Amino acid sequence: MTGSVLAVLLFEWKRALTLPRMAWWAILAAFPVFIVGLVRFIAMQTPPRELWAGLLFALVPMLVTMLGTLLWATPAISTELERRSWIYLAVRPHGSTAVLLGKYLAAVTWVIPPALLGLSIAVPLAAPKDAWLLWWAMVRLVCLSCPAYAAIYLLLGTLLPRRAMVLAVAYTLLFELVISFIPAVINKVTVQYRLRALWEDWCDIPALGRQATVMALMGDAPPWQHVTILLLLVPALLAVSVAVLRMSEFSSSAESDV
């Protein structure tokens, strides 16, 4: 089983080494660098450290990781259905599970490097106070956000392969960009809520204080609790994805309709 997963991972990486996909890889890495450089160029005075912390969080752990994993993890099943190769993979022992987990690992390992590369260039370019502390905080957030988002998008792509991208975009807009900013209990079901709380704690943003609004948006739970939830979320979502995949049936007519 492990060998099959690694085989799928290596195959996906070899298939990703094409000019269009490497161009997307470069765009993901260059995006935060371009925005930070643009801010530095047009700013009349040096922006405060809090602004750089918020901007880097929005650009890298939030946008780059969400966009990268959405594009990679969501169509994991639909692409095999489009190629009409799913039936050959599914009849092998644990073939469908190996494909699912291998593509998940490919998505995570493909998105993290450009995110860290862009972050490593953008932080020195911004040159904020305590740049090392800010960089280290963002690295940890990237390493937590990529696996979590990839697991979510993989599950969405497994639930509805024919409308996977539509479902993933709708989830991102509704939950991660709207509900996560609603000061109520429901925002705790989003990844953004956890990442935002860790960002405020790890980046040491004293300007936010402990106002009621901040408490509603980020909570007062200790960082270890958010980290634990994000780490446990990944195997739980992967287990659900595997269960859904094993219970699903994709006929030849469904393949042609994808």
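Structure summary
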item: Any hit, the range 41-49, residues being touching a residue at least 24 places away in the same chain (Cβ under 8 Å), buried (at least 19 other Cβ atoms within 10 Å of the Cβ) and over 21 Å from the mean Cα position of the chain (by Cα); result: yes
item: Pick from the range 117-136, criterion within 15 Å of Thr65 (Cα to Cα) and among the hydrophobic types (A, V, I, L, M, F, W, C), ranking: surrounded by the fewest Cβ atoms within 10 Å (Cβ to Cβ); result: Leu117
item: Condition met for Leu177 (modelled with pLDDT under 90 and surrounded by fewer than 18 Cβ atoms within 10 Å (Cβ to Cβ)); result: yes
item: Residue selected from the range 50-76 under the condition farther than 17 Å from Val108 by Cα and out of contact with any Pro (no Cβ under 6 Å at 6 or more places or on another chain), by the criterion surrounded by the most Cβ atoms within 10 Å (Cβ to Cβ); result: Leu56
item: Meets criteria (hydrophobic (A, V, I, L, M, F, W, C) and either more than 23 Å from Trp25 (Cα to Cα) or at pLDDT below 90 (or both)) for Ala127; result: yes
item: Residue within the range 169-178 that is within 30 Å of Arg40 (Cα to Cα), in a helix (DSSP H, G or I) and either touching a residue at least 60 places away in the same chain (Cβ under 8 Å) or in contact with a helix residue (DSSP H, G or I) (Cβ under 9 Å, 6 or more places away or on another chain) (or both) present; result: yes
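The values are calculated or read from the model by the stated rules, or taken from the named source; none is laboratory data. The model shown is predicted, which means the values in this text are computed figures rather than measured ones. Neighbour counts are summed over all protein chains in view; Cβ atoms, including those assigned to glycine, are modelled from backbone coordinates with ideal geometry.
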